[in-house]
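Structure record follows, encoded as structure tokens.
The values are calculated or read from the model by the stated rules, or taken from the named source; none is laboratory data. Keep in mind that this is a model prediction, so the values were computed, not measured. Glycine also receives a Cβ, built like all others from the backbone with ideal geometry; neighbour counts cover every protein chain displayed. Surface areas here come from the heavy atoms of the whole protein model, side chains and all, with no ligands, DNA or RNA. Shrake-Rupley method; radii C 1.70, N 1.55, O 1.52, S 1.80 Å.
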Amino acid sequence: QVPAAWEEPLARHEWDKAELLLKTALANGETAPVLRGLATVYRATGRMDAADPVLERLVALDGSITNLEDLARIKASLGFLDRAESLYRRSLELRMAGNPDLLASIPIRVRLAQVLVSEKKFPEAEQEGYTVIALRTRAVSANLPGANQADLAGDNALLARVFQVQKK
């Protein structure tokens, strides 16, 4: 299969050229790879406000965990915290369904806790902090691949930040 014309400039970080080719491809049909590529260009060039609607369309087309989390990060950076929260929660639901990967859920829970702190939803943020610590401790105890006890310091710092913001 011949790669799309926009793939090479995108891989080379030739953002202007890739953007032009992606917009042309988008005019010919809205596909997940084209939307993902255009969102990548916008994020790489610091245009989060332009990436937002593209990622919304991508999530509508392909509601994968990766796409949900990409959109959640953009929403949080733009200050749309309630939407970011709901996207992170949906991502966690998908991650935890079936065969959950405890370690893969930790970064999402950390970002969710940060959003919850920004929304001043402190009890929920605390609960996420405790959950992160419990998951990491369980993963370290079970010697899961990628589990690192040193990461517990960062997890405790997250919970400490929640307490600090509350002046506890």
Handout entry: Selected residue (only one of LEU94, LEU68 is within 22 Å of ALA39 (Cβ to Cβ) and open to solvent by 40 Å² or more (accessible area, probe 1.4 Å))
Key = LEU94
Handout entry: Filter result for VAL140 (out of contact with any strand residue (DSSP E or B) (no Cβ under 7 Å at 6 or more places or on another chain) and crowded, with 20+ Cβ neighbours inside 10 Å)
Key = no
Handout entry: Per-region count, the stretch 85-129, residues assigned to a helix (DSSP H, G or I), within 13 Å of ILE65 (Cβ to Cβ) and more than 12 Å from the chain's Cα centre (by Cα)
Key = 4
Fill in the blank from the handout: Within the stretch 46-64, residues being closer than 23 Å to GLU119 by Cα and open to solvent by 30 Å² or more (accessible area, probe 1.4 Å) number 4
Completion exercise
When (1) crowded, with 19+ Cβ neighbours inside 10 Å; (2) under 24 Å from GLY63 (Cβ atoms) are applied to ASP155, the one that fails is (2)
Problem - All positions within the stretch 1-48 that are of a type in the set (A, V, I, L, M) and within 25 Å of ALA72 (Cβ to Cβ) - result: LEU10, ALA18, LEU22, LEU26, ALA32, VAL34, LEU35, LEU38, ALA39, VAL41, ALA44, MET48
Practice task
Hey, could you check the stretch 1-41 for residues that are outside any helix (DSSP H, G or I) and in contact with a helix residue (DSSP H, G or I) (Cβ under 6 Å, 6 or more places away or on another chain) and say which is surrounded by the fewest Cβ atoms within 10 Å (Cβ to Cβ)?
Solution key: ALA5
